[in-house]
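**Student:** Handing you a structure now.
The values are calculated or read from the model by the stated rules, or taken from the named source; none is laboratory data. It should be emphasised that the depicted structure is a prediction, and the values quoted were computed from it without experimental measurement. Positions of Cβ are backbone-derived with ideal geometry, glycine not excepted, and every protein chain shown enters the neighbour counts.
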Amino acid sequence: MAVLVLPACGGASAADDSAPAPTRVVVAEEVDGMEALISGRLTATGGCLGIDEQLTVFPVGTTVLHPDPLQIEIPGRGKFTIGDSISLGGGHTSPTTDTEGRQVAAGTVIPAECAGSRVIVTH
């Protein structure tokens with residue numbers, strides 16, 4: 001499964017060490033079998049975009065439109081900014097560890113700064 005991690009870089013310069021790290025948007029190619037309705041607010045969660053402070057893997061085609069404030073577009077669903085309410089199909093899963101020691105959920109490698117015990121996978 002292909003994975004894309006989209007950085008949503010802010011306006012700070014590279015020399016500004018006090019600037020927060022950009023919020024990453026984790027995107028998977030496809031997710032099968034999860035059909036629950038996931039609803040909540042978009043939040044920055046440990047360096048990655050999430051729903052209700054839980055890391056979320058977004059569907060293929062999700063793009064970052066604006067880095068600050070972070071705004072994404074999900075194909076067929078619309079545009080969303082951090083703090084917006086959102087409802088998507090998907091489900092919750094527990095990540096596994098691959099042979100390189102990285103967390104993986106739904107075939108998607110989770111960035112180390114975003115790793116946790118539960119992940120929302122959407123479609």
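**Student:** Identify the residue in the range 94-123 that is outside any strand (DSSP E or B) and small (Gly, Ala, Ser) and, among all such residues, is modelled with the lowest pLDDT.
**Tutor:** Ala106
**Student:** Only one of these conditions is not met by Thr81: (1) buried (at least 17 other Cβ atoms within 10 Å of the Cβ); (2) β-branched (Val, Ile, Thr); (3) under 20 Å from Pro22 (Cα atoms). Which number is it?
**Tutor:** (1)
**Student:** Between a first residue in the range 31-43 that is part of a strand (DSSP E or B) and loosely packed, with under 10 Cβ neighbours inside 10 Å and a second residue that is at pLDDT 95 or above and among the polar types (S, T, N, Q), which pairs have beta carbons less than 7 Å apart while being 6 or more apart in sequence or on different chains?
**Tutor:** Pairs found: Leu37/Ser87.
**Student:** Let me ask you something else. Based on what the data block shows, is Thr122 surrounded by fewer than 16 Cβ atoms within 10 Å (Cβ to Cβ), within 14 Å of the chain's Cα centre (by Cα) and of a type in the set (Val, Ile, Thr)?
**Tutor:** Criteria not met by Thr122.
**Student:** Could you say which residue among Gly61, Gly50, Gly91 is surrounded by fewer than 17 Cβ atoms within 10 Å (Cβ to Cβ) and either not in a strand (DSSP E or B) or not hydroxyl-bearing (Ser, Thr, Tyr) (or both)?
**Tutor:** Gly61
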